[in-house]
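Below you'll find the structure, written out as structure tokens, and then a few comments.
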């Protein structure tokens, strides 16, 4: 049974969430509550939930800071965000790709259950817990800090796609943190290997990629069938393959076909896409993509997305007589107030005025 923590500064709001969810049916257990971000982080460390449901506007550590902290410390923790209409567009930008679902208040039971079911499904698919306990691995705080520093540098090298530096880091890791040198147990090396594999998966997920998709091969499970050194070495091989693949993509970025980009946007403009997410999909910088799209298509990519959404919404409202709210949702806008503002700016009149014109 997976554990759930609720974070909201309003007691009545927490009670509403507890009352709306079908916890037993979903095989979920509410293990605690917190009334602000600071307490939320303490409760996460203490209770170790698998799923966190959090509001955004709270005293102390606010929702954005809390999400950033959870994303950095516990990248496999499943997060469900609750937000009001006034915050929604800003929050989607601020916390993109870091939450399972964004629920608009007042929360609807079916939407909450769907988000919880999705969180549970992702946890089951990963077949792992969000908790990577590093402290008990090491015999001293100094060793733990030394590993943390090496891990941080390794992540920086990974972001820079510095293959040689990453390889050197793995060599140093296997030398300095071997069973002989650090006095670790055999199982501890497997846990370090899994931690580094998790870091690699986190790096790729931020670019909307996965190991399996990038390498077109099965990703090995780092378990007890590996020897202590073999596990670290196997993960090191995966790092090298990932870097080689990404370098190959980036080497060919100047040949990026804007027709492919346009087709991708045309297929996904109704979703929560942006210049950043499209750039990540094609493994190029947002600046490079923006310049090439403008040169090839004749308008900025962000403007193109908005235009496609507005054309879709106008067609649904005028030609099909659909309700404005439903048309906004199908065009990619959950915040109806924001949709009205964008629509009026684009067409010079409100959706209601253009319908009756």
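Data overview
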| read-out | value |
| --- | --- |
| Among residues of segment 268-287, those that are without any contact (Cβ under 8 Å) to a residue 40 or more places away in the chain, loosely packed, with under 15 Cβ neighbours inside 10 Å and under 11 Å from residue 305 (Cβ atoms), counted | 0 |
| Hits in segment 77-97 - residues which are in a loop (DSSP other than H, G, I, E, B) and modelled with pLDDT of 80 or more | 77 |
| Residue match in segment 325-342 (condition: free of Cβ contacts under 8 Å to residues at least 24 places away in the same chain, surrounded by 13 or more Cβ atoms within 10 Å (Cβ to Cβ) and not in a helix (DSSP H, G or I)) | no |
| Lone unmet requirement of (1) under 23 Å from residue 105 (Cβ atoms); (2) over 25 Å from the mean Cα position of the chain (by Cα) for residue 351 | (1) |
| Matching option when the condition is surrounded by 14 or more Cβ atoms within 10 Å (Cβ to Cβ), under 30 Å from residue 196 (Cβ atoms) and modelled with pLDDT of 80 or more, among 264, 239 | 239 |
| Residues of segment 23-56 satisfying the condition of being modelled with pLDDT of 90 or more and part of a loop (DSSP other than H, G, I, E, B) | 49, 50 |
| Per-region count, segment 254-306, residues assigned to a helix (DSSP H, G or I) and more than 25 Å from residue 160 (Cα to Cα) | 20 |
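The values are calculated or read from the model by the stated rules, or taken from the named source; none is laboratory data. Worth saying up front: this structure is predicted, and the values here are computed from it rather than measured. A quick note on method: Cβ atoms are made from the backbone with ideal geometry, for glycine too, and the neighbour counts reach across all protein chains shown.
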